[in-house]
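Scroll down for the structure; my scribbles are underneath it.
The values are calculated or read from the model by the stated rules, or taken from the named source; none is laboratory data. Given the structure is predicted, the values throughout are model-derived calculations rather than measurements. Here Cβ is always computed from backbone atoms with ideal geometry, including for glycine, and neighbour counts include all displayed protein chains. Heavy atoms of the whole protein, side chains included, go into the accessibility calculation; ligands, DNA and RNA do not. Shrake-Rupley method; radii C 1.70, N 1.55, O 1.52, S 1.80 Å.
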Amino acid sequence: QVQLVESGGGLVQAGGSLRLSCAASGRTFVINAMGWFRQAPGKEREFVAAITRSASNVYYADSVKGRFSISRDNTKNTVYLQMNSLKPEDTAVYYCAAGWKVVGGTPLEYDYWGQGTQVTVSS
């Protein structure tokens, strides 16, 4: 099994920045893709960003391109999401995900999930 623990969420004003972290433990050698998803109240969980194991390829939702940056440190089994120029519509619970596939853009393509961290952006 793999355990994922997110941190770094909080309350920020529009235009501000936050950095989310997600630390993996357990059978981390099975992990290839890591990603971030978010879910706002009353909405479905949506893709935010993903990164391959080697970090050679990264993918972003159109809504966050140019503002968010995903990275990972395999020596620490940790993935990061740097969020800049935050907008009120970025408010959601952010979930870290890890999977056996090389990369994925939908929740079904990931096998392990963190408990989520709340990000609230005030206007």
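In Å, what Kirkwood hydrodynamic radius results for the chain from the alpha-carbon pair distances?
Working: mean 1/r = 0.0709 Å⁻¹.
When all Cα pairs of the chain are included, the Kirkwood radius is 14.1 Å.
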In nm, give the distance between the simple-model label positions of residue 44 and residue 71, each being 7 Å from the Cα along the Cα-to-Cβ direction.
-> 3.3
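What number, in percent, do you get for the relative contact order of the stretch 3-123 if the mean sequence gap of Cα pairs under 8 Å and at least 6 apart is divided by its residue count?
37
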Can you give the direction-averaged projected area of the convex hull of the alpha-carbon atoms in the stretch 58-122, in nm²?
-> 4.9
Assigned charges on the beta-carbon of Lys, Arg, Asp, Glu; the chain dipole about Cα centre (debye) = 220
So, in Å, what gap is there between the alpha-carbon centers of the stretch 61-123 and the stretch 16-51?
-> 4
Ranked by accessible surface with a 1.4 Å probe, highest first, in what order do 6, 46, 89 come?
-> 89, 46, 6
